[in-house]
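Here is the structure we will look at.
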Amino acid sequence: MSRLIGLVIIVALQLPAAAQVAKNFTWYDQETYRLYLAQEWPQLIDIGEQAIHHDHDYFYLRFSIGVAYYTLGKYRKAVTHFRKALQFNNGDPLTVEYLYYAFVFAGRTADANITWEKYKKVLEQRDINSPNGFITGAYSEGGIKISSENSDGVDNMSFFHAGIEQQLGARINLYQGYSNVVPSLVVIQPIQSTGGGPPRTYLQETKYTFPQNEYYVRVNVPVLYGLSFNVSYHLQVLRDSLDNKFRNQGFEAGIKQSFQAMDIYLGYAGSNINNSHQTQVTGKLTIYPLDNSNLYLQGQYTYHLDEKQVNNIYGLKIGGRLTAPLWLEGYGSYGGVKNFQEFEGFYLYNLPHKINYKFGANGYVFIGQTVKISLGYMLENKEQITESNTSFYQHYMFLGCTLNFNKR
């Protein structure tokens, strides 16, 4: 009996060691291959990550895990494993193609362009079109801002923009466009009659418009995978009611670093608006909880200095994909500010009103791979910089269209 008990104890002690020996390189290789053929992607990811943790790292393991994440729509995680797989087997055609499209579907188009440049011959052989072109896209947007009744003379404003995108090689993405903005102001003045009879005073309403012609250009240059640099310039030329001509200018330079589940952006901007100088520093963090662009959360802070006036601006945005063709996003920002720029200098605010807060929503409808329709609404709470400091609202509604001439 004692001999039997001793044998049981010995066998029990050997079981963990046997199990440990069983999960060696051969076991992980065979098990991940089996799961790959069976398309059991979550289990494959779990076993594959265990193998890497135990220092079993090789081309087919990384490729299999990358395919698993890619198939599950987790493109940002798939990128990590495809890049690692190419370190083991650089130039493998299927891995290169997967990596290219993982970048595209993750929204990291600059990195997709770097991949194209690095593996051009491989991707051409797999019938994948070049992303480069003199004109690769176009964008147009038009809308109107409607002022509330207590706007104290501030009338409606129209806005129109049209621009083109150019991919001049893998390292230069250029966007430039023209905008026409027409703000208007209603002035009520007492006028005294000059005809016969006793003099009478009545109020005359006069509407003044201030047309603005604007030029905007932005250059984005990827430096390394995940790291890109951008610079933009915005010029406004406008005339007042006396036909006096003014020029407002702004620029922004920024750097963006993409990680597996988030992007970090830091930008510095300067402008000269209404004969005063402004500087601003912006930090932006975008998180992708699903490891793709189907859901994104963004927080932003801007330190804005208008001459000697310091403004702190806080912004939030959440957006995502509801169905295959439909995307929605909502946003808002807070901070009493005027004479500033946003969206990498695309908007240059120059009207003499302080924006206390704003919020809005945008909808995007994709029609095939070529057309994207944008529809948006924004509410702004503004304050006139006068003795009365009158507060009023402006409602902005717009319709936009994006054309992609280069199908990926």
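Quick notes
- Under the condition of being more than 34 Å from the chain's Cα centre (by Cα) and of a type in the set (D, E), the residues counted in the range 24-57 number 4.
- The single condition from (1) in contact with a strand residue (DSSP E or B) (Cβ under 7 Å, 6 or more places away or on another chain); (2) surrounded by fewer than 19 Cβ atoms within 10 Å (Cβ to Cβ) that A324 fails is (1).
- Here G107 passes the criteria (1) modelled with pLDDT of 95 or more; (2) open to solvent by 10 Å² or more (accessible area, probe 1.4 Å); (3) within 30 Å of G169 (Cα to Cα); (4) among the small types (G, A, S) except the one numbered (1).
For (1) modelled with pLDDT of 95 or more; (2) in contact with a helix residue (DSSP H, G or I) (Cβ under 8 Å, 6 or more places away or on another chain); (3) open to solvent by 50 Å² or more (accessible area, probe 1.4 Å), each residue gets a yes or a no:
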position	(1), (2), (3)
R34	yes, no, yes
W41	yes, yes, no
Y60	yes, yes, yes
S64	yes, yes, no
H81	yes, yes, no
Q87	yes, no, yes
T95	yes, yes, no
E117	no, no, yes
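- Considering residues of the range 358-401 that are under 24 Å from G137 (Cβ atoms) and not in a strand (DSSP E or B) only, the residue modelled with the lowest pLDDT: Q369
- Of all the criteria given as (1) at pLDDT below 95; (2) among the polar types (S, T, N, Q); (3) open to solvent by 30 Å² or more (accessible area, probe 1.4 Å), the one not satisfied by S140 is (1).
- Residues of the range 361-390 satisfying the condition of being charged (D, E, K, R) and open to solvent by 60 Å² or more (accessible area, probe 1.4 Å): E387
- Put simply, of V231, V237 the only residue that is farther than 19 Å from G400 by Cβ, assigned to a strand (DSSP E or B), at pLDDT 90 or above and open to solvent by 40 Å² or more (accessible area, probe 1.4 Å) is V231.
- Considering (1) in contact with a strand residue (DSSP E or B) (Cβ under 9 Å, 6 or more places away or on another chain); (2) modelled with pLDDT under 95, the lone condition that R76 does not fulfil carries the number (2).
- Total residues in the range 61-89, condition closer than 22 Å to R321 by Cβ and not in a helix (DSSP H, G or I): 3
- Of the residues making up the range 326-351, just one is touching a His at 6+ places or on another chain (Cβ under 7 Å), farther than 22 Å from G163 by Cα and not charged (D, E, K, R), namely V337.
- Selected residue [within 29 Å of Q212 (Cβ to Cβ), surrounded by fewer than 19 Cβ atoms within 10 Å (Cβ to Cβ) and not β-branched (V, I, T)] from K284, K338, K358: K284
The values are calculated or read from the model by the stated rules, or taken from the named source; none is laboratory data. Source: prediction; values computed, not measured. Heads up, the Cβs are rebuilt from the backbone with ideal geometry, glycines too, and the neighbour counts pull from every protein chain shown. For accessibility, only protein heavy atoms count, side chains too; no ligands or nucleic acids. Shrake-Rupley method; radii C 1.70, N 1.55, O 1.52, S 1.80 Å.
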